Amino acid sequence: VFAREFKGQCFCGNGSDYAKHGVAMGCDCCGDNVGASRFCAWEAGASAPGCDGSGSDHSAFLGCYANRKNDRALPVQVPGKGHTVMECEQACEAMGMSRFAREWKGQCFCGNESHDYTKHGRETGCDCCGDNVGGNKMCVYVNGNMNR
């Protein structure tokens, strides 16, 4: 696991206790200043389950999380279903959204740093690039194109 904090400080570790102080909002993970008393963590080499190279080359996989139909973690839905990871990434990027997720049968949802994609907790068994990600499960990414 590696993390950026404050004004580009970098930290590394082997454990999974990086979330022990909870989730922070308002982080600018790729900016000059992540924010005071907060950090952005990534798993080195993490890839989305089920993607085998068919996901996104430039957007980091943040994890598999629960979602609820009447309380979406990422509030903006791209119309239709059957979207690939790349199509979802591009649609959300066109709307200026830095977070995106695939759910169920290729539904696509978008949001920004201010939206807590973790609010319903982690999930397991997501098939992030498959025909069916899983019911009420979403594979969440941060768009690597947004700060280029």
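The values are calculated or read from the model by the stated rules, or taken from the named source; none is laboratory data. Predicted model, so just to flag it, every value in this text is computed and none were measured. So basically every Cβ, Gly included, is an ideal-geometry build from the backbone, and we count neighbours across all protein chains shown. Note: areas computed on protein heavy atoms with side chains; ligands, DNA, RNA excluded. Shrake-Rupley method; radii C 1.70, N 1.55, O 1.52, S 1.80 Å.
Below is a table of values for the structure above.
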| quantity | calculated |
| --- | --- |
| Chain lengthening between Thr118 and Lys20 when straightened (0.36 nm per residue, less Cα-Cα) | 33.9 nm |
| Segments 81-89, 133-141 sorted - mean Cβ within 10 Å per residue, highest first | 133-141, 81-89 |
| FRET efficiency estimate (nearest 0.05) - Cβ-Cβ, Ala41 to Met86, R0 22 angstrom | 0.35 |
| Amide H contacts under 5 Å for Val76, placed H, 5+ residues apart | Cys110 |
| Total formal charge among the other residues, if their Cβ is under 13 angstrom from that of His120, Lys/Arg +1 and Asp/Glu -1 | +2 |
| Region 75-148, accessible surface, carbon-and-sulfur percent (1.4 angstrom probe) | 46 |
| Under-5 Å amide H pairs with Lys137, H placed in peptide plane, nonlocal only | Asn67, Trp104 |
| Hz values of 3J(HN,Hα) by residue in region 136-142 - Karplus curve (6.51, -1.76, 1.60), Gly and Pro given as x | 6, 10, 9, 9, 9, 10, 9 |
